[in-house]
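All remarks here apply to the structure that follows.
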Amino acid sequence: MPRLAEGPHESGWFRLPGRRLALFHHLTAAFFFLCLATSLPMFVPVVAAWAGHRELYRETHVITGLLALVVGAASLTRLAGPGARERRAAITAWTGTDAAWMRQWRRSLARPAFPQPGPNPGQRVAASAMAASMVALAASGLVLRFFSVFPLWMRTGASLVHNLFFYLLTAIVLVHIAYALITFVQSARATEADPQQAEQGL
C-alpha cells in the first residue's frame, strides 16, 4: 500500500472546493463509466448475447463519450465556478520543484508531500493524460461511428488508437480511484486519532 503523505495545502485539493466544480467532476465520471459500460455489449460476446439491442448501446456509447469530453472541458471554464484560469494553470504549469517531486516519487514509489497549493505533479500529469486520451477517444470514436465516409486505412488506424487510449485512460482512472480511496481512509484515520480535529470537522 503506497504511503500518501500530504503537504499543508494538498488535502484541500481533494475536497474539490465549490459545488459546481464538484458537480462537473462527478458528471464527467458518471458519463465516463456509462460510456465504459455501454462498450461491453459491443466487444464482449457473452455480454452482447445477454444484453441485446447493440445499436442502442452503440449510440449511447458515442453520446456519453462525447458528453464526458464536453463536461470535462467545461470544468476548466467559468461554467464550473470562479478560478478557471487558476485551474488551467494548475494543470499545465511545470517547475523544477515538480521535476524534483517526480524524481523522488520514481525512486520511492510513495507519493511525497507537495508544499505548494493545488494538485501535485503526479495529479497534473494524470489530468493531462486523461484529457489527451479523451480527445483521442472522441476523435477515433467518431471515425468508427461514421465509418462509411472514411477510407479503410483511416478506420483501421482509428480502431487501433481507440483501443490503445481506452486501456490508457482506464488504467489512469483506476489508479485515480485507488489513490482517492486510500487518501479518504487515511484522512478518516487521522481524524479519529485527533479528537480535536474531529470536533472541528463537525
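The values are calculated or read from the model by the stated rules, or taken from the named source; none is laboratory data. Fair warning: this is a prediction, and the values are worked out from it, not measured in the lab. Reconstructed Cβ throughout: ideal geometry from the backbone, glycine too, with neighbour counts over all protein chains shown.
May I ask you to verify whether ARG124 is closer than 29 Å to LEU160 by Cβ, surrounded by 12 or more Cβ atoms within 10 Å (Cβ to Cβ), basic (Lys, Arg) and touching a residue at least 60 places away in the same chain (Cβ under 8 Å)?
No.
Quick check on this structure: which one of ALA90, ALA49, ALA80 is touching a Gly at 6+ places or on another chain (Cβ under 6 Å) and of a type outside the set (Asp, Glu)? Outline the logic, then answer.
Details: ALA49 fails: touching a Gly at 6+ places or on another chain (Cβ under 6 Å); ALA80 fails: touching a Gly at 6+ places or on another chain (Cβ under 6 Å).
Only one candidate passes the filter, namely ALA90.
Counting only residues that are touching a helix residue (DSSP H, G or I) at 6+ places or on another chain (Cβ under 8 Å) and surrounded by 14 or more Cβ atoms within 10 Å (Cβ to Cβ), how many does the range 158-179 have?
Count: 11.
If you scan the range 76-102, which residues turn out to be among the small types (Gly, Ala, Ser) and closer than 17 Å to VAL125 by Cα? Before you say what the answer is, go through the steps one by one.
So in the range 76-102, the residues among the small types (Gly, Ala, Ser) come out as 80-81, 83-84, 89-90, 93, 96, 99-100.
Listed by number, the residues that qualify are ALA89, ALA90, ALA93, GLY96, ALA99, ALA100.
With the structure loaded, tell me whether ALA51 is farther than 24 Å from GLY122 by Cβ and surrounded by 12 or more Cβ atoms within 10 Å (Cβ to Cβ) or whether it fails that test.
In short, yes.
Any idea which residue in the range 169-185 is nearest to the chain's Cα centre (by Cα), counting only those that are small (Gly, Ala, Ser) and either on the phi > 0 side of the Ramachandran plot or modelled with pLDDT of 85 or more (or both)?
ALA171
Restricting attention to the range 132-153, report how many residues are of a type outside the set (Gly, Ala, Ser) and either in contact (Cβ under 8 Å) with a residue 60 or more places away in the chain or more than 24 Å from TYR57 (Cβ to Cβ) (or both).
Qualifying residue count, the range 132-153: 8.
Name, by its number, the condition in (1) surrounded by 14 or more Cβ atoms within 10 Å (Cβ to Cβ); (2) at pLDDT below 75; (3) of a type outside the set (S, T, N, Q); (4) more than 23 Å from LEU21 (Cα to Cα) that does not hold for LEU109.
Result: LEU109 passes all but (1).
Please return the ranges of helices (runs of 4 or more DSSP H) entirely within the range 4-68 where 2 or more residues are more than 24 Å from PRO82 (Cβ to Cβ) and either modelled with pLDDT under 90 or of a type in the set (Ser, Thr, Tyr) (or both).
Helices (runs of 4 or more DSSP H) meeting the threshold: 19-43, 45-51.
Is there any pair linking a residue in the range 74-90 that is basic (Lys, Arg) to one that is part of a loop (DSSP other than H, G, I, E, B), with Cβ under 8 Å and at least six apart or on different chains, and which?
ARG87/SER75; ARG87/LEU76; ARG88/LEU76
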